[in-house]
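Heads up, the thing below is written out as structure tokens.
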Amino acid sequence: MTIASEVKQSLASLKGIEADLSSLALRTQDHESKRTLHETMMVVHEVVTDLQKRVGELEREEFQYKGF
């Protein structure tokens, strides 16, 4: 597996985690838990955004990685 493939796989996993955290935050009744889950989801979202930028850089730098 190439580095680009591994980065993209990690990105997909993080997007899934972000969605799970959002879902849990919406379903929980405890306000403190809801707030903590939402804050954690926002941190993961920042990582997702940064990683998406890195994927774009990888694709521009190494054309053979585009679309993997």
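Inside region 1-25, can you point out the residues that are open to solvent by 40 Å² or more (accessible area, probe 1.4 Å), of a type in the set (A, V, I, L, M) and either at pLDDT below 95 or touching a Leu at 6+ places or on another chain (Cβ under 6 Å) (or both)?
1, 3, 24
Can you name the residue in region 26-53 that is within 18 Å of the chain's Cα centre (by Cα) and acidic (Asp, Glu) and, of all such residues, is most open to solvent (accessible area, probe 1.4 Å)? Even if it seems obvious, please write down each step before you answer.
So in region 26-53, the residues within 18 Å of the chain's Cα centre (by Cα) come out as 36-53.
Then drop every residue that is not acidic (Asp, Glu), which leaves 39, 46, 50.
Numbers: 39: 92, 46: 117, 50: 95 Å².
It comes out as 46.
The values are calculated or read from the model by the stated rules, or taken from the named source; none is laboratory data. Computed from a prediction, not measured in an experiment: that's the story for all the values here. Note that we place each Cβ from the backbone using ideal geometry, even for glycine, and neighbour counts take in every protein chain shown. Accessible surface is based on the protein model in full, side chains and every heavy atom, while ligands, DNA and RNA are left aside. Shrake-Rupley method; radii C 1.70, N 1.55, O 1.52, S 1.80 Å.
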